[in-house]
Amino acid sequence: MSETDTETVVPVERQRWWGWRWVLWTGAVFVLVAIAGALAVEWGLRQVQPMLRKKVVETLSARFHSPVELDRLELAMSRDMIVTGGGLRILYLAGPTKPDASPNAPPMLVVDRFEFRTGWSELLRPTTRLVTVKVQGLRVNIPPKGDRGQGPDDPRRKGQSALGIAVDRIECTDAKVTLETSKPGKKPLEFAIKSLVLTDVGSKKPLNYTALLVNPKPVGDVQSTGHFGPWQDDNPRDTPLDGDYTFSHADLSSIHGLGGVLSSTGRFGGTLGNLTAEGTTETPDFRLDISDHPIPLHTEFHAVVDGTTGDTWLDPVRARLGRTEIMARGAVTRAVGVEGHNTDLNVVIGKGRLEDIFSLVLKSNPPLMRGELAAKVHFLDPAGPVSVSRKMRLEGTFAINDAMMNNPEMQAKMDALSMRAQGKPKQANAQDAEVVGSALSGKFSIANAVLDVKDLNYQMPGAQMLADGQMQLVASTFEFHGTVKTQATASQMTTGWKSMLLTPFDKLLKKNGAGVELPVKVTGTRSTYDLRLDFPHDTHAPAALPTPAKSAK
């Protein structure tokens, strides 16, 4: 290699060495700048964090006029500033708790965790506006009014609150609202909320909400949208509330003794302490466990609800059970000393079908009897873990017209009995005997799945029975004791030699204007009945007197 070539190579190598050195120095500078920037950001976050924490606490304290505690607040940077926090507690939302009422009362509002995003520029403004705040584990506890004291005399109440943070949207998950009660033995009212979205959040106007709640009994999801607020600090019961709701796939089997799947829609409005609600329910397969026969149930209701206690006054409820029209008025109130609600209703059935009621309460299928039904009933279902069919109490009066037995053989027996009672014995056994309907009226009560009937007046052409009796709803067995009066005399109810044999006894058996008056006993099951004389043990009927026809299965 020549001297000239050597001199050419050396500058090239020096240029390469200086080039790498420049790259290394530049990279180092960038690393230092990045480290300095990270340190600056870290320093800035540390400086901003207490300022933001103070802003959150002061805003909430001014809004609710209450001491506020915040356990943690953390900041992180991405394109925006991410703020997370937890352990937020607001001591009271509706006036401080009286020391003598609840010395260890919990905070009225607790938030397990929250998160929101904001920019640097927003923090420098007097009011920081947040687009969305996400909240997890919200717990609201409101003590009864008698346990709350008067709020502090804060002059900011009369003017504009000095808000440092404004929120456009709040998204809550896993929330629970508990309304305490001062009534001895009554448990607090709790609302479990799966999700809740609040928009247009402001202290001086109603906010919009969309909520998904879990209804405990019957178990199902309630979706609701509407308006809430503004919150009334002194008396939360006066806080306005309205909305539309949809209650779907409510499993009635979560109420012991009931069955079916209920759905409901409606709307409500008013205040938390006095809500007016209107809506409809549909249960295509409503049933009681004592019969387990599904029957369609439709209701339309107008109700007044105390949202702070759950007490509901129904006025009226219009229901259709199968083909039976029902009108009810009454109240559903929370029980004292036991979980659940007491239901107390006055029920009127104007246009009903006996077979609908029997299908609901008796195991027999088809029902024992059919006919037109009218009734007035006082219905009471006390709270408790016992099956509805066994703890419900009913008292009332009833009237049934055009009653027919669903079993053809049983109806044929009744037709034959009517023909004899009218003095038409030749038609009693004819295949083309007249089909007769019966009329029934009386008083009844139901308790412990047993139907007691008093003053039963059972009439058919030619005969009348006055009796008292009892029916076991689960076993579908019955037994009645009373007297039967017939239009015809004993001899007129038979033919041939039997009629001649009974003629001397006609005057003996006539009583109170009836051709015959006899004590009877009627027993039976879901598919049979037995009608026979019921003389006292020390009294004997004439040997030749025939007993009325006896049924067969």
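Restricting the range 325-345 to residues that are in contact (Cβ under 8 Å) with a residue 40 or more places away in the chain and assigned to a strand (DSSP E or B), the residue that is nearest to Thr181 (Cα to Cα) is Arg334. The set of residues in the range 463-502 being without any contact (Cβ under 8 Å) to a residue 40 or more places away in the chain and among the acidic types (Asp, Glu) consists of Asp468 alone. Residues that are small (Gly, Ala, Ser), modelled with pLDDT under 60 and assigned to a loop (DSSP other than H, G, I, E, B): does the range 2-20 have at least one? Yes, the range 2-20 contains at least one residue that is small (Gly, Ala, Ser), modelled with pLDDT under 60 and assigned to a loop (DSSP other than H, G, I, E, B). For Met405, are the conditions met, namely being over 43 Å from the mean Cα position of the chain (by Cα), among the hydrophobic types (A, V, I, L, M, F, W, C) and buried (at least 17 other Cβ atoms within 10 Å of the Cβ)? Spelling it out, it is not the case that Met405 is over 43 Å from the mean Cα position of the chain (by Cα), among the hydrophobic types (A, V, I, L, M, F, W, C) and buried (at least 17 other Cβ atoms within 10 Å of the Cβ). Being hydroxyl-bearing (Ser, Thr, Tyr) and crowded, with 18+ Cβ neighbours inside 10 Å is a description that applies to Thr283.
Only a single criterion out of (1) at pLDDT 90 or above; (2) more than 16 Å from the chain's Cα centre (by Cα); (3) in the same structural domain as Ser389 (by TED's automatic domain parsing); (4) not aliphatic (A, V, I, L, M) is not satisfied by Tyr209, namely (3). Checked against (1) under 24 Å from Pro206 (Cα atoms); (2) modelled with pLDDT under 85; (3) part of a strand (DSSP E or B); (4) not charged (D, E, K, R), Ile170 passes all but condition (2). Screening the range 412-448 for residues that are among the hydroxyl-bearing types (Ser, Thr, Tyr) and either surrounded by fewer than 20 Cβ atoms within 10 Å (Cβ to Cβ) or touching a Lys or Arg at 6+ places or on another chain (Cβ under 9 Å) (or both) and picking the one that is modelled with the lowest pLDDT gives Ser418. Condition check for Trp497 on (1) surrounded by fewer than 19 Cβ atoms within 10 Å (Cβ to Cβ); (2) part of a strand (DSSP E or B): one failure, at (2). Please work out if Asp311 is under 23 Å from Asp356 (Cβ atoms), of a type outside the set (A, V, I, L, M), at pLDDT below 95 and surrounded by fewer than 19 Cβ atoms within 10 Å (Cβ to Cβ). In short, no.
Taking the conditions (1) within 22 Å of Arg370 (Cα to Cα); (2) assigned to a helix (DSSP H, G or I); (3) of a type outside the set (Ser, Thr, Tyr) in turn, Lys507 satisfies each one other than (1).
I'm trying to understand the selection: among the residues of the range 249-305, which are among the small types (Gly, Ala, Ser) and more than 16 Å from the chain's Cα centre (by Cα)? Gly269, Gly270, Gly273, Ser291 - these are the residues of the range 249-305 that are among the small types (Gly, Ala, Ser) and more than 16 Å from the chain's Cα centre (by Cα).
Residue by residue, here is whether (1) basic (Lys, Arg); (2) buried (at least 20 other Cβ atoms within 10 Å of the Cβ) holds:
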residue	(1), (2)
Asp289	no, no
Pro294	no, no
Pro316	no, no
Arg320	yes, no
Thr324	no, yes
Thr333	no, no
Val338	no, no
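Within the range 452-462, identify whether any single residue is at positive phi and either in contact (Cβ under 8 Å) with a residue 60 or more places away in the chain or touching a helix residue (DSSP H, G or I) at 6+ places or on another chain (Cβ under 7 Å) (or both), and answer yes or no. Yes; the residues of the range 452-462 include at least one that is at positive phi and either in contact (Cβ under 8 Å) with a residue 60 or more places away in the chain or touching a helix residue (DSSP H, G or I) at 6+ places or on another chain (Cβ under 7 Å) (or both). Taken over the range 76-110, residues that are of a type in the set (A, V, I, L, M, F, W, C), modelled with pLDDT of 80 or more and closer than 17 Å to Ile165 by Cα amount to 4. Please determine, by comparing only the residues of the range 449-491 that are in contact with a Lys or Arg (Cβ under 6 Å, 6 or more places away or on another chain) and of a type in the set (S, T, N, Q), which one is surrounded by the most Cβ atoms within 10 Å (Cβ to Cβ). Once the filter is applied, the top-ranked residue is Ser476.
In the range 59-73, of all residues being under 20 Å from Arg125 (Cα atoms) and in contact with a Leu (Cβ under 9 Å, 6 or more places away or on another chain), the one that is modelled with the highest pLDDT corresponds to Leu73.
Taking the range 225-256, which residues are assigned to a loop (DSSP other than H, G, I, E, B) and among the aliphatic types (A, V, I, L, M)? Listed by number, the list holds a single entry, Ile255.
Taking Ala375 as the residue in question, decide whether it is surrounded by 17 or more Cβ atoms within 10 Å (Cβ to Cβ), modelled with pLDDT of 90 or more, of a type in the set (Gly, Ala, Ser) and not assigned by TED's automatic domain parsing to the domain that holds Thr483. Against the criterion (surrounded by 17 or more Cβ atoms within 10 Å (Cβ to Cβ), modelled with pLDDT of 90 or more, of a type in the set (Gly, Ala, Ser) and not assigned by TED's automatic domain parsing to the domain that holds Thr483), Ala375 qualifies. Might you let me know whether the range 450-459 holds any residue that is touching a Phe, Trp or Tyr at 6+ places or on another chain (Cβ under 7 Å), in a loop (DSSP other than H, G, I, E, B) and not assigned by TED's automatic domain parsing to the domain that holds Thr397? The answer is no; no qualifying residue exists.
The values are calculated or read from the model by the stated rules, or taken from the named source; none is laboratory data. In this text, all values refer to a predicted model and were calculated from it rather than measured experimentally. Quick reminder, even Gly has a Cβ in these numbers, built from the backbone with ideal geometry, and neighbours come from all protein chains shown.
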